[in-house]
Amino acid sequence: EISLKYGAERLGKRQDADMKRFRDNRLGAFIHWGLYAIPGGEWNGEMYGGAAEWLKAWAKVPADEWLKLMEQWNPTRFNPKAWAKMAKKMGVKYVKITTKHHEGFCLWPSKYTQYTVAQTPYKKDILGEMVKAYNDEGIDVHFYFSVLDWSHPDYRYDIKSEEDEIAFARFLEFTDNQLKELATRYPTVKDFWFDGTWDASIKKNGWWTAHVEQMLKEMLPGVTVNSRLRADDYGKRHFDSNGHLMGDYESAYERRLSDPVKDLKVTRWDWEACMTVPENQWGYHKDWSLSYVKTPLEVLERIVHAVSMGGNMVVNFGPQPDGDFRSEEKELADAVGRWMSVNGECIYGCDYAGWDKQAWGYYTRKGKEVYMVVFNSPYSRHLVVKTPKDVKITKAVVLNGKEVGVKETARNEYNVDMPAKDSGAPFVIKLQIEDNTNAADKYREALT
Ligand SMILES: C[C@@H]1N[C@@H](C(=O)NCc2ccccc2)[C@H](O)[C@@H]1O
């Protein structure tokens, strides 16, 4: 290993109470809300299919023209209590809020910039209203923060001159001030999720990313930070030059997940994935017909897939400029919530089971309980289960349903019966397992 000053601060998973809470929460929601919601993907009468929160880039809008959108920021239908109830009903345990996206507009009245809610017709501290409403519902709040800031004249994509050095040093101080402001104003925040940290300017300032992690953890003991913040002495990101994860959890799984059969490496560390409902829209886009929109079932499968591999999943919502949600997102929250109310115990506090994945779906595990989350119903009417050596199944019960038969078919192989009644939706079977170390082995392998 090479010696690093700004590499991973810790080896292995954090096991303190705050990290256990982060991990056990498992299901979160993203709120991407900013000026980009106002144009909703359309600029000067032209509709852009790309990510709506990047419209400034797609339509090549100068920062000062883009920020004029502040004059229209007045979400009259914003009702933080209703937002928190919707999240509660969906069964999310935490919400990640874009405090400031790449555009530089702040949802809190920052005193370090003029581009904030305080300078809009809305005036009020919208971030503060959200934090209170979610916390009052027992939902944790995480802050998304974009280091990349298109509104700030001192931002640099790379450092190529003395002038760049001086300007970017001012920018890093501005960013420190905003982060201290957020940690001071909203001390119940549990996590900082950094984005916009891919440019060479940040990679050349790995020291600063280590300083930010340290600063936030001193101000808010127990707070978590994502790996995307971090660059080491040599500009390596997420994992340092010795291959160790930086930050508290990997945050590279954005709109993708690792293969549950071929790529199990992520089960070795904590990680959190985030996903969009359309193919790639985080901010509000007027026209969702421009790309595929995932069904509630497809969203649910991604949530289970992540938890089955020891990760968290954050499902994105892009609120409308008026402060209400589009009907597709309300319906999604409702559908996921109905499923979670019956089957949530296979998600919350669960982890990778370490069993070989089968075609019918995914395993999750909590202590001695293994859950079979069934998405695909087999024509055989049997669900094949292969247990690790020295493990036997003693019972199988459908969540919110009846016991089902379990028949041993070979060494460490079982057929678990499908429930008699087809609920027409993914269902969960809870397995009781026991140690099988000293059982007589009546099976013989073939001689070949
Ligand atoms: C969590 C997501 N991260 C931002 C993102 O996609 N950034 C990467 C990106 C880079 C280049 C063109 C479009 C998007 C998105 O705007 C969301 O905030």
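Say R0 is 41 Å: what FRET efficiency, to the nearest 0.05, do Lys407 and Ser341 get from their beta-carbon distance?
0.85
Pick out, in residue order, every one of the chymotrypsin sites (Phe, Trp or Tyr not before Pro) in region 271-307 that is DSSP loop and has at most 16 other C-beta atoms within 10 Å; say none if there are none.
Tyr292
Could you run the Karplus curve 6.51 cos²θ - 1.76 cosθ + 1.60 with θ = phi - 60° over region 93-102 and give me ³J(HN,Hα) per residue in whole Hz, x for Gly and Pro?
9, 8, 10, 9, 10, 6, 5, 8, 8, 3
For region 187-335, give the magnitude of the charge dipole about the Cα centre (Cβ charges: +1 Lys/Arg, -1 Asp/Glu; no others), in debye to the nearest 20.
The calculated dipole for region 187-335 is roughly 440 debye.
Around Asp417, what is the net charge, scoring Lys/Arg as +1 and Asp/Glu as -1 over all other residues with Cβ under 9 Å from its Cβ?
Here the charged neighbours net out to +2.
Extent of region 183-305 along each principal axis, from alpha carbon coordinates, in Å, largest to smallest?
Each principal axis gives a Cα extent; for region 183-305 these are 43, 39, 29 Å.
Which of the GluC sites (Glu not before Pro) found in region 344-448 are in a DSSP loop and have at most 14 neighbouring Cβ atoms, other than their own, within 10 Å?
Glu445
Arrange the peptides 389-396, 321-328 so that the one whose residues have, on average, the most other Cβ atoms within 10 Å appears first.
321-328, 389-396
Out of every Cα-Cα pair in region 369-420, what percent are more than 16 Å apart?
38
Output the direction-averaged projected area (hull surface divided by four) of the convex hull of the alpha-carbon atoms of the chain, in nm².
The orientation-averaged projected area of the Cα hull of the chain comes to 25.3 nm².
Answer with one residue from Ala183, Ser201, His211: the one whose Cα lies farthest towards the positive end of the charge dipole of region 150-296, charges on Cβ with Lys, Arg +1 and Asp, Glu -1.
In region 150-296, that residue is Ala183.
Short version: what are the Cα gyration tensor semi-axes of region 320-448, square root of 5 times each eigenvalue, largest first, in whole Å?
35, 15, 13
Too long at a 29 Å Cα-Cα cut-off: which of Lys368/Lys442; Lys13/Lys204; Lys96/Lys124; Lys190/Lys389; Lys56/Lys217; Lys392/Lys421?
Lys190/Lys389; Lys56/Lys217
Compute from the Cα atoms of region 82-209 the Rg and the Dmax, the latter being the longest Cα-Cα distance, and quote both in angstrom.
Computed over the Cα atoms of region 82-209, radius of gyration and Dmax are 16.0, 53 Å.
Using +1 on the beta carbon of Lys and Arg, -1 on that of Asp and Glu, and nothing else charged, what's the dipole of region 129-242 about the Cα centre, debye to 20?
Using Cβ point charges on Lys, Arg, Asp and Glu, region 129-242 gives about 220 debye.
Roughly how large, in nm² to one decimal, is the mean projection of the convex hull of the alpha-carbon atoms in region 298-340?
Averaging across all directions leaves 3.3 nm² for the Cα convex hull.
Given q = 0.21 Å⁻¹, what are the Debye log10 I(q)/I(0) values for region 175-249, with equal point scatterers placed on the Cα positions and solvent ignored?
Treating every Cα as an identical point scatterer, log10 I(q)/I(0) equals -0.88.
Given the peptides 246-252, 119-125, 14-20, arrange them by the average over their residues of other C-beta atoms within 10 Å, most packed first.
In descending order of packing, they fall as 246-252, 119-125, 14-20.
Average the reciprocal distances over every distinct pair of alpha-carbons in region 1-112, invert the result, and give the Kirkwood radius in Å.
17.6
Is region 399-448 rounded, prolate or oblate when judged by the Cα gyration tensor, a ≥ b ≥ c being the square roots of its eigenvalues, rounded requiring a/c under 1.5 and prolate requiring a/b larger than b/c?
Judged from the Cα gyration tensor, region 399-448 comes out prolate (a/c at least 1.5, a/b above b/c).
Which values, in whole Å and largest first, are the semi-axes of the equivalent ellipsoid of region 63-156 obtained as the square root of 5 times each eigenvalue of the Cα gyration tensor?
Each semi-axis is the square root of five times an eigenvalue, giving 26, 15, 10 Å.
As I understand it, the dipole of the chain uses +1 on the Cβ of Lys and Arg and -1 on the Cβ of Asp and Glu, about the Cα centre. Which of Ala29, Ser341, Leu290 lies farthest toward its positive end?
About the Cα centre, the residue reaching furthest to the positive side is Ser341.
Could you work out how far the C-alpha centroid of region 208-268 sits from that of region 1-68, in angstrom?
With region 208-268 and region 1-68 each reduced to a Cα centre, they are spaced 15 Å.
Kindly put Leu55, Leu179 in sequence by how many other C-beta atoms sit within 10 Å of each C-beta, fewest to most.
Leu179, Leu55
What trypsin sites (Lys or Arg not before Pro) does region 29-69 have in DSSP loop regions with at most 15 other beta carbons within 10 Å?
Here the trypsin sites (Lys or Arg not before Pro) that fit, given the DSSP loop and packing criteria, are Lys60.
Each value in this text was obtained by applying a stated rule to the coordinates, not by laboratory testing. This structure is a prediction, so every number in the text was calculated from the model and none was measured. Positions of Cβ are generated from backbone atoms using ideal geometry, with glycine treated the same way; all protein chains shown enter the neighbour counts.
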